[in-house]
Amino acid sequence: MKDFAGFLRETRGIPDTRIPYYLHWVSRYHQFVQENSAESVGTDGFARELGNRHEDWQVRQAMSAVRLYRRYRTYERFRPANERSAAPPESAQWRETQEETIRVIRLHHLSYKTEKAYMGWIRRFSGFRPEKDPCQLREEDVKEFLTHLAVERRVAKATQRQAFNAILFLYRHVLDVEITGLDGAVRSKIPRRLPVVLTREEIARVLSRLPGCHRLMAGIIYGGGLRLQECLELRVKDVDCPQNRMTV
């Protein structure tokens, strides 16, 4: 499964936060195949089995994971034997750089979520140029990596921007190098879509179906425009009932 996780990350561009779900569904698929004695039951049988117990969106997620896993097995089967090993081992310089990056991120008091995202992109960047140590990387390497994300991975504009921010942090705060001249990098483009906005009546119906604490949280998030994590981190002293005021 470790190699499959690497395939999802490096070849398909699946974010680290979603990989555990893919691994879960593939494990369930293996279990289903073993219980039914043969893989000849196929993915259709697995989908029917899931449909009896899970929501439609979960079935779609599971089948997407299984399709990618079967593609991964085909991909591995036809790769030359000398290329089937995992990604090249990181050099000592890259390991030290990554440890220093984590230390600097925490000195800047960035959130743990940001730390995970930045470190994920920095590891991908090091894998993109495994033959180079951090001190050997230049603007051209960054430009090629960003272009690779847009053209080959077809990532969204926000994803490419997050990758750039992570690498910029690495250069500016860890390697102490200012990078410029990235205008030539291909930018990701996605069509702008108007958001779906529920009416007040629809919101009221949704809230009416939520129990107790969940209804209170949903009402605070909707009424105050809070993020989920901001709501979860609220404390009693943050709520001033006489003044009808809340400190976020």
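A few points about this structure:
- Tyr72 part of a helix (DSSP H, G or I), modelled with pLDDT of 75 or more and surrounded by 14 or more Cβ atoms within 10 Å (Cβ to Cβ): no
- Hey, Ala204 of a type in the set (A, V, I, L, M), under 28 Å from Lys113 (Cα atoms) and modelled with pLDDT of 90 or more or not: no
The values are calculated or read from the model by the stated rules, or taken from the named source; none is laboratory data. This one's a predicted model, so the numbers in the text were calculated from it and none came from an experiment. Methodologically, a virtual Cβ is constructed for each residue, glycine included, from the backbone with ideal geometry; neighbour enumeration extends over all protein chains shown.
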